[in-house]
Amino acid sequence: MNKEKAEELLQKLRKGTIEPQEKALLESWYLTLGGNSSLSEPELQRHFDEVWESVQQQKASIPLRQQLSPLWRWTAAACILLIGAWFLVENSGNKQQVLTSHADRAPGTSNATILLSDGSELDLMEMTLGKETRIGEVTLVRPKEGEVVYQTTNEERDMENTIFHTIATPKAGEYRVTLADGTKAWLNAASSIRFPAIFGSRERRVEVIGEVYFEVAKKTHNNKNVPFKVRVGAQEIEVLGTHFNVNSYADEGVVRTTLLEGSVKVRVSAQEVLLHPGQQATFNPKHSTLDRQTHSRIDVKTIDGETAVAWKEGFFKFDQASLPELMRQIARWYDMEVVYEGPIQSHEFVGQIERTSSLSKVLQILEMGGVNFKIEGKKIIVINQSNQI
């Protein structure tokens, strides 16, 4: 890319008028320049022209609803840009190993059960849309697919007398629940939330396993705010009115609390941190037995909050995600087991893929980044890994 063209795109980037394909082009050029500074100007120009032509052709060919954001794989010396990955998968003449109909799997669906206080279970898929279901002192309504709403007209009571319910999603499942206080919670695959059917007047307390996104409703009693607290293992999150995401899957090894709006306090024993929007707190349970003076149990960093909650919007979104991290998400959503043949090589992925895609489509896109797969039953086998483009 020549200096004039690069400056033109940089100006657009600064003004916020740059088109997505132009931004992808600019990023591709700079990553290539930074990864291999020995390239000559003609080589850079040729790379620029090739990528630009590819973007223009694919932009004209792909229906808007089928376009995917660029997906990057970074290595120590180079990167690869996959523009219009869906188009390439649909129209490529190359036969991918994973493209076998008998081995393919559909994406997850809205699916959850409620464990009641008496030990019985209610399958939410069996509830009639729009019909009220009375359970004790609360009424449940399923207004649409994938959502259940708790309703009550009863007065609040002390927590000691509260009846608890647990909503759980299986692998390849997700669900949304509106609690009796108006708080909304989205459950990702293989997750659960335990909560009072009717909240008390002193505090609201729930327990989470897996990944849940919250939009907490403000609640007062006698002109005082009623705090909302989320228990995640040894960690407690206290909020008043806010939007945040909690990822506490056991196989992730850490608990991540990401704040999008408002403020929360994350507390583990004597340590407490206050999060601001765009910040993420990471807690490693293994540090609980270490010397607190030399090992922080809660780390805070600034991140892209949209990446943390992309699952709620129907996307896998990666920001320098490692291959194992990426594959754990895929395994949960498609109810699969991941097996690695040989050592796990260093890959980093940036980009997003629609969660409505079939498993074979997702794996084909990832294969463009230099990773190979095969499917055997409910196993995804990662094979022939390489860092070469």
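The values are calculated or read from the model by the stated rules, or taken from the named source; none is laboratory data. In this text the structure is predicted, and so the values were computed from the model without any measurement. Positions of Cβ are generated from backbone atoms using ideal geometry, with glycine treated the same way; all protein chains shown enter the neighbour counts.
Looking only at segment 171-192, count every residue that is surrounded by fewer than 24 Cβ atoms within 10 Å (Cβ to Cβ) and among the hydrophobic types (A, V, I, L, M, F, W, C) and tell me the total.
Residues in segment 171-192 being surrounded by fewer than 24 Cβ atoms within 10 Å (Cβ to Cβ) and among the hydrophobic types (A, V, I, L, M, F, W, C): 6 in total.
Select from segment 257-279 the residues that are within 26 Å of Lys219 (Cβ to Cβ) and of a type outside the set (A, V, I, L, M) and list them in ascending order.
Filtering segment 257-279 for residues within 26 Å of Lys219 (Cβ to Cβ) gives 257-268, 272-279.
Listed by number, the residues that qualify are Thr257, Thr258, Glu261, Gly262, Ser263, Lys265, Arg267, Glu272, His276, Pro277, Gly278, Gln279.
Please note which strands (runs of 3 or more DSSP E) are completely contained in segment 74-152 and include at least 2 residues that are exposed (fewer than 15 other Cβ atoms within 10 Å of the Cβ) and either at pLDDT 90 or above or not hydrophobic (A, V, I, L, M, F, W, C) (or both). Reasoning before the result, please.
Values: elements: 79-82, 113-115, 121-123, 132-135, 138-144, 147-151.
Answer list for segment 74-152: 121-123, 132-135, 138-144.
Of the residues that make up segment 200-207, is at least one touching a helix residue (DSSP H, G or I) at 6+ places or on another chain (Cβ under 6 Å) and surrounded by fewer than 20 Cβ atoms within 10 Å (Cβ to Cβ)?
Within segment 200-207, one or more residues are touching a helix residue (DSSP H, G or I) at 6+ places or on another chain (Cβ under 6 Å) and surrounded by fewer than 20 Cβ atoms within 10 Å (Cβ to Cβ).
Conditions tested, residue by residue: (1) touching a Lys or Arg at 6+ places or on another chain (Cβ under 9 Å); (2) under 19 Å from Ala250 (Cβ atoms).
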{"position": "Ile163", "(1), (2)": "no, no"}
{"position": "Thr166", "(1), (2)": "yes, yes"}
{"position": "Gly173", "(1), (2)": "no, yes"}
{"position": "Val177", "(1), (2)": "yes, no"}
{"position": "Leu187", "(1), (2)": "yes, yes"}
{"position": "Ile193", "(1), (2)": "no, yes"}
{"position": "Ala197", "(1), (2)": "no, no"}
{"position": "Phe214", "(1), (2)": "yes, no"}
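Which of the residues spanning segment 345-359 are surrounded by fewer than 21 Cβ atoms within 10 Å (Cβ to Cβ) and not in a loop (DSSP other than H, G, I, E, B)?
Glu348, Val350, Gln352, Glu354
Within segment 213-223, which residues are in a strand (DSSP E or B) and surrounded by fewer than 16 Cβ atoms within 10 Å (Cβ to Cβ)?
Thr220, His221
What are the residues in segment 324-343 that are without any contact (Cβ under 8 Å) to a residue 40 or more places away in the chain and buried (at least 19 other Cβ atoms within 10 Å of the Cβ), if any?
Of everything in segment 324-343, just one residue is without any contact (Cβ under 8 Å) to a residue 40 or more places away in the chain and buried (at least 19 other Cβ atoms within 10 Å of the Cβ), namely Gln329.
Filter segment 308-356 down to the residues that are among the polar types (S, T, N, Q) and modelled with pLDDT under 90, then identify the one that is nearest to Lys184 (Cα to Cα).
From segment 308-356, those among the polar types (S, T, N, Q) are 320, 322, 329, 345-346, 352, 356; that's our starting set.
So of that shortlist, the ones also modelled with pLDDT under 90 come out as 320, 322, 345-346, 352.
On the way: Gln320: 30, Ser322: 31, Gln345: 40, Ser346: 38, Gln352: 25 Å.
Checked segment 308-356; the qualifying residue nearest to Lys184 (Cα to Cα) is Gln352.
In segment 197-216, is there at least one residue being free of Cβ contacts under 8 Å to residues at least 40 places away in the same chain and of a type in the set (Ser, Thr, Tyr)?
no
Just the residues that are part of a strand (DSSP E or B) and more than 18 Å from Phe283 (Cβ to Cβ), please, taken from segment 194-212.
Passing the criteria: Arg194, Phe195, Pro196, Arg204, Arg205.
One residue is enough: does segment 224-234 have a residue meeting the conditions in a loop (DSSP other than H, G, I, E, B), surrounded by 20 or more Cβ atoms within 10 Å (Cβ to Cβ) and not small (Gly, Ala, Ser)?
Checked segment 224-234: no residue is in a loop (DSSP other than H, G, I, E, B), surrounded by 20 or more Cβ atoms within 10 Å (Cβ to Cβ) and not small (Gly, Ala, Ser).
Just to be sure, is Ala180 farther than 29 Å from Phe315 by Cβ, of a type in the set (A, V, I, L, M, F, W, C), in the same structural domain as Leu115 (by TED's automatic domain parsing) and not in a strand (DSSP E or B)?
yes
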